[in-house]
Amino acid sequence: MRIKVPNFVWRLVYRLGYPVASLWWIIRRPNYEGTLIAVRVGSGLLLLRSSYRREWNFPGGGILTDESAETAARRELKEELGISIGTLVPRSTVTGVWKGRQEKVHFFEIVVEELPEIKIDNREILEARVYNRDELPAIKLTGPVKKFACGEGWIPNTGS
């Protein structure tokens, strides 16, 4: 028998767990490898707001053992947005220390004229929104997304 856990309980677990994980990362300094997908919708970028961060992020997440970066990107698009889209174009890889851990993030890009119907879970992901280029400087972005967006010329380089 499977127990159905209400969404607010999942959000609470994420909100309480993320600061604990962040503290652990500061102490342990683990290496992390992940993938993020820049979904370009017309002249905008799709950003996600999660239940446990203040910053906006691209869809994506960690790369599992024996999983390629592209396979992880496709899995995360399915998990976070409920979509499977065509061609993922490898764009860049950025590195840095964010939230206490050394991260290597592989970026992919998808260009669509219209956003397909998405289904967010209201647990980990609370909101998905397309932002235009001129709105980006005023938005709090995660370190990797800011580094990517500055490097791609989407926002003026303000550091990471």
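The values are calculated or read from the model by the stated rules, or taken from the named source; none is laboratory data. Only a predicted model underlies this, so the values are computations on that prediction, with no experimental measurement involved. Positions of Cβ are generated from backbone atoms using ideal geometry, with glycine treated the same way; all protein chains shown enter the neighbour counts.
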Revision key, fill the gap. Here, strands (runs of 3 or more DSSP E) confined to the stretch 48-160 with at least 2 residues that are at pLDDT below 90 are 89-98, 101-112
Review point. GLY44: surrounded by 15 or more Cβ atoms within 10 Å (Cβ to Cβ), closer than 17 Å to LYS119 by Cβ and among the small types (Gly, Ala, Ser), yes or no?
Key: no
Exercise for review: Taking the residues in the stretch 26-62 that are aliphatic (A, V, I, L, M) and in contact with a Leu (Cβ under 9 Å, 6 or more places away or on another chain) as candidates, determine which candidate is nearest to GLU124 (Cα to Cα).
Suggested key: LEU48
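With the requirement that a residue be hydrophobic (A, V, I, L, M, F, W, C), surrounded by fewer than 19 Cβ atoms within 10 Å (Cβ to Cβ) and farther than 21 Å from GLY17 by Cβ, what does the stretch 47-87 give you?
Hits for the stretch 47-87 are ILE83, ILE85.
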**Study point:** Answer residue from the stretch 28-47, given it is among the charged types (D, E, K, R) and in a strand (DSSP E or B) and is nearest to GLY86 (Cα to Cα) among those
**Key:** ARG40
Practice item. Evaluate the stretch 106-119: report whether one residue or more is touching a Phe, Trp or Tyr at 6+ places or on another chain (Cβ under 6 Å) and under 17 Å from ASN57 (Cβ atoms). Key: yes
Review point. Can you pull out the residues in the stretch 58-101 that are of a type in the set (S, T, N, Q) and touching a residue at least 12 places away in the same chain (Cβ under 8 Å)?
Key: THR87, SER92, THR93
